[in-house]
1. For chain B, give the magnitude of the charge dipole about the Cα centre (Cβ charges: +1 Lys/Arg, -1 Asp/Glu; no others), in debye to the nearest 20.
2. Name the most mobile residue of A:GLY162, A:GLY53, A:GLY119, meaning the one with the largest mean-square fluctuation, in a Gaussian network model of chain A with Cα contacts below 10 Å.
3. Could you give the alpha-carbon Rg of the protein assembly as shown over 2.2 N^0.38 Å, rounded to two decimals?
4. Summing +1 for each Lys or Arg and -1 for each Asp or Glu, what net charge is found among the other residues whose Cβ lies under 13 Å from the Cβ of A:HIS215?
5. How much mean residue ellipticity at 222 nm does the protein assembly as shown get from its helices, if each DSSP H run of length 4 or more adds -39500 (n - 2.57) and you divide by all residues, to the nearest 500 deg cm²/dmol?
6. Select from A:LEU235, A:LEU159, A:LEU139 the residue whose mean-square fluctuation is largest in a Gaussian network model of chain A (Cα-Cα springs shorter than 10 Å).
7. Report, to the nearest 10°, how far helix A:191-204 tilts away from the longest principal axis of the Cα atoms in chain A, using its own Cα long axis and a range of 0 to 90°.
8. Kindly count the pairs of lysines across the range B:3-217 whose alpha carbons are less than 12 Å apart, treating pairs on different chains or eight or more residues apart as eligible.
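Bear in mind these aren't lab numbers, they're just calculated from the coordinates by the rules spelled out. These numbers come from a predicted model, not from an experiment. Every residue, glycine as well, gets a Cβ built from its backbone with ideal geometry; the counts of neighbours run over all protein chains shown.
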Amino acid sequence: MVQKSQDIAVATANKLSANRLSLYYGEKQALRDITMGIQANTITAFIGPSGCGKSTFLRCFNRMNDLIPNVRIDGQVTLDGKDIYRKKLDVYEHRKNIGMVFQKPNPFPKSIYDNVVFGLDINGERSRSVLDQTVEDALTKAALWDEVKDNLHKSALALSGGQQQRLCIARAIAVKPSVLLMDEPASALDPISTAKIEELIISLKDSFTIVIVTHNMQQAARISDKTAFFYLGELIEYTDTGTLFTNPQREATENYITGRYG
Amino acid sequence: MTHLESELKKLREDTEAMWHLVISQLEKTHTALTDFDKGLCREVIATEKRVNSMELALDRNCEHLFALHTPVAIDLRFVLAILKINNNLERLGDIAEGICKYLLSEDQAYDKQLVTATQLDEMFVKALAIVEDTLTAFQGEDTKLARTIFQKDEELDVINNLANQRLTEYIGQRPDNIGQALNTLSMIRRLERVGDQSKNMAEEIIFYLEAKVLRHGGNKKKKLH
């Protein structure tokens with residue numbers, strides 16, 4: 001009973017939280033008993049070697065793992081203190097509140113304008129002034145407005161890779177989510193585009209809670225407030241980024257970030 | 001061994017080489033004092049250039065490590081510690097050179113009564129032992145030994161604190177040898193600094209191995225942001 005009330009306290013104090021979360025792909029266990037909380041308006045980085053479960057864990061927050069056959073989840077995941085795996089949850093409504101950006105920029109083969117308003121459009125928003133304002137706001141927040149404002153009706157596919165990724169971020173934030181999940185958002189980009197994305201992520205922190213999966217440890221060190229290290233499906237260490245990269249408490253973390261295994 | 005590990009290994013070896021050179025400089029300075037060997041003094045002064053060039057090379061290697069390998073965790077603390085230890089070692093080289101310059105300015109050997117009364121010789125032995133202990137602690141990654149340096153530094157402080165009174169008494173008895181007495185005081189002050197530099201190096205050894213900051217009386221975990 002005491003444990004349960006503590007769990008509720010943890011869940012409500014955080015924007016996102018996982019409580020004793022385990023995930024199985026059929027017989028294979030991909031996540032092992034993970035408990036962690038993510039505070040609002042922070043940037044949290046997930047690091048770890050390939051196959052450690054960090055992307056799987058990220059996808060638990062917007063229930064993308066539901067799309068994979070034979071997935072089973074034990075434990076609890078909450079958003080604003082509410083269980084997101086409860087039976088009555090409307091998953092589509094839930095996903096409006098949690099935007100996602102992927103490794104490879106994936107703009108739709110439409111104009112820049114139509115990409116940004118896509119989410120609003122399918123939700124029935126028809127007011128031209130609302131749509132125009134949303135496009136300007138989202139592209140400004142995504143640090144892309146100045147570069148594309150005169151070409152809003154040109155194809156999004158004509159943009160560079162870095163611009164396409166910022167467009168995808170604009171598209172994700174246009175529906176005004178409170179959480180942004182990013183799965184290696186800069187790994188396919190050149191250093192200049194990467195720097196722009198990183199600056200953008202930092203600037204978005206005031207408006208969103210951001211969780212980012214990255215293989216680039218320097219990127220995690222540069223932009224995140226907290227870093228979680230995963231290994232073989234377990235959360236090994238989760239602490240302030242400054243502490244994790246200067247004085248990790250677990251040997252496995254130190255071995256990984258110093259490149260001694262992985 | 002990864003590229004970074006081999007670079008760190010080389011940095012460690014170069015630092016140890018500089019440590020040995022500085023110890024050798026202090027040993028020769030001690031011998032030059034006891035034997036009044038001006039030739040040895042000139043050798044120490046000439047060799048000081050090597051100490052300086054080693055300092056520059058170590059600085060440059062640390063810079064390259066930061067720029068090319070962006071070390072983290074214990075590797076980061078190690079390179080930060082080397083940067084500071086390097087500076088301390090260079091200062092120890094300066095101390096040996098400074099004492100040799102005092103010896104060169106003398107026409108005759110130091111008065112044995114003066115050396116005995118001020119514990120100058122004993123201070124030299126203790127100072128050398130401290131520097132050797134810091135090297136042993138560094139090589140063996142031995143924070144227990146590193147912590148003994150603080151107590152040993154205090155022993156040098158005691159001799160230093162008694163120096164004024166002892167020299168006043170000596171000058172009262174031997175007013176004709178006031179020049180040597182004043183140089184002795186300067187040498188004692190420098191040997192006291194050997195203890196301070198060694199203490200700084202011991203703190204850096206503890207910092208890199210345990211992530212604890214002992215400077216300025218602190219013992220909290222260091223957080224770098």
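1. 720 debye
2. A:GLY119
3. That works out to 1.39 for the protein assembly as shown.
4. Computed value for this residue: -1.
5. That comes out to -19500 deg cm²/dmol.
6. Looking only at A:LEU235, A:LEU159, A:LEU139, the biggest GNM fluctuation is shown by A:LEU159.
7. 80 degrees
8. 5
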